[in-house]
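The values are calculated or read from the model by the stated rules, or taken from the named source; none is laboratory data. The shown structure was predicted, so the numbers you read here are calculated from the model rather than taken from an experiment. Cβ placement follows ideal geometry from the backbone for every residue including glycine, while neighbour counts extend to all protein chains displayed.
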Amino acid sequence: MTSLEATPSDRIQDALRASHLYYLQDLTMEAIARELGTSRSSVSRLLSFARETGLVDIQIRSPLDQATVIGDALHRRFNITAHVVPVPDQTSDVDRLDRVALSAARILTQFIDSNMVVGVAWGSTMSAISRYLAPKPTHGSVIVQINGAANPRTTGIVYASEILRRFGEAFGATVQQFPVPAFFDDPETKVALWRERSTRRVLDLQDQMDVVVFGVGSPRALVPSHVYAGGYLEKEDHESLVHDRVVGDVATVFYRADGSSSDIMLNSRATGPDLAVIRATPRRVCIVAGDSKTASLRGALAARLITDLIVDESTARALLES
């Protein structure tokens, strides 16, 4: 049987062998084809498969690379690890998000391993990333939803569970959903439900997170953040956010430009984790695309919510210039 007719396990072995020969031994595709007893086009497809599934991770390191220079500058200023994705300035925000999501999906495989609790938010950015995740089997790992997704118009289950399902399948992890609304109508309802053992079980998992992955929401983003465009907020909620000088949110928990989140009225009804829970997580991976989110990103940095930032080059430059 040829390489491309092989079982999934056989194909992975062929892709690994082809990658060793091509990247580590500098053999040509023609030479690899002869060694594997297949065609040059089959070798090309095996190498593409290796890259797409994360078997091969290609990195570019150069002190002259502009993305590297910007990433180093972000590290010095904000004490974070920055992965800057080169994207032409004229790229639309939709395409910009797609390219950052693809890079983020590949980078995340470096951060997630066996026996980890991984917190995942939902939103436009996380949905885009979930479509590009490369398989990396782990054992004993849990993907936990960190904020509820229901609103008065929809349960939110389909939207959030699809993101979680893709993460769970990519890493062979157990998925723990959080079946509560994004915002309660009454803060007292949240207080009461947070005492329930079934709810406490999910909250306890969130307290144990090794990695948390999220985007930043912004009321001014050109690609609308799902919480602002998906029917989660009423007119009076938007007015409340303006009154409280909110610049953005992480997992439906809102903050100001200085990173403060106390006394923001809507947070008393939000089901996202207190920002202190996120700060206590050892690795906090934030993915941002589009410089219309610069103010929200700056607020998240001021709140010390980020250890690892994956961001497009234009937004990274805007962040440094601000």
Members of segment 91-116 found to be surrounded by fewer than 22 Cβ atoms within 10 Å (Cβ to Cβ) and either assigned to a strand (DSSP E or B) or β-branched (Val, Ile, Thr) (or both), listed by number: 91, 94, 107, 109
Filtered residues of segment 213-246 (kept if touching a Cys at 6+ places or on another chain (Cβ under 9 Å) and either surrounded by fewer than 23 Cβ atoms within 10 Å (Cβ to Cβ) or in a loop (DSSP other than H, G, I, E, B) (or both)): 216
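Okay, residues lined up against (1) out of contact with any helix residue (DSSP H, G or I) (no Cβ under 7 Å at 6 or more places or on another chain); (2) surrounded by fewer than 23 Cβ atoms within 10 Å (Cβ to Cβ):
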{"site": "80", "(1), (2)": "no, yes"}
{"site": "84", "(1), (2)": "no, no"}
{"site": "160", "(1), (2)": "yes, no"}
{"site": "175", "(1), (2)": "no, yes"}
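Does segment 145-153 contain at least one residue that is surrounded by fewer than 16 Cβ atoms within 10 Å (Cβ to Cβ) and free of Cβ contacts under 8 Å to residues at least 12 places away in the same chain?
No: zero hits.
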Pairs, first touching a residue at least 40 places away in the same chain (Cβ under 8 Å) in segment 178-201, second of a type in the set (A, V, I, L, M, F, W, C) and assigned to a strand (DSSP E or B), C-beta under 8 Å, six or more apart: 178/144; 180/150; 181/150; 182/150; 182/270; 183/270
Near pairs, Cβ below 7 angstrom, 6+ apart or cross-chain, from segment 37-50 (in a loop (DSSP other than H, G, I, E, B)) to any residue that is polar (S, T, N, Q): 38/2; 38/3
Enumeration of residues in segment 265-283 that are surrounded by 20 or more Cβ atoms within 10 Å (Cβ to Cβ) and either touching a Leu at 6+ places or on another chain (Cβ under 6 Å) or without any contact (Cβ under 8 Å) to a residue 24 or more places away in the chain (or both): 267, 278
Segment 121-135 residues that are under 19 Å from residue 94 (Cβ atoms) and in the same structural domain as residue 148 (by TED's automatic domain parsing), paired with ones that are modelled with pLDDT of 90 or more and among the hydroxyl-bearing types (Ser, Thr, Tyr) (beta carbon under 8 Å, 6 or more apart): none
Flag for residue 305 being within 18 Å of the chain's Cα centre (by Cα), of a type outside the set (S, T, N, Q) and more than 27 Å from residue 94 (Cβ to Cβ): no
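Check segment 19-34 and report whether any residue there is at pLDDT 80 or above and loosely packed, with under 12 Cβ neighbours inside 10 Å. Break it down into steps so the answer makes sense when it comes.
First, the residues of segment 19-34 that are at pLDDT 80 or above: 19-23, 27-34.
Okay, now just the ones that are also loosely packed, with under 12 Cβ neighbours inside 10 Å, so 30.
Yes, there is a match, as at least one residue in segment 19-34 is at pLDDT 80 or above and loosely packed, with under 12 Cβ neighbours inside 10 Å.
Given 229, 251, which one is in contact with a strand residue (DSSP E or B) (Cβ under 8 Å, 6 or more places away or on another chain) and assigned by TED's automatic domain parsing to the domain that holds residue 174? First the steps, then the outcome.
Working: 229 fails: in contact with a strand residue (DSSP E or B) (Cβ under 8 Å, 6 or more places away or on another chain).
Residue meeting the stated conditions: 251.
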Options 260, 292; residue that is part of a helix (DSSP H, G or I), in the same structural domain as residue 97 (by TED's automatic domain parsing) and more than 20 Å from residue 206 (Cα to Cα): 292
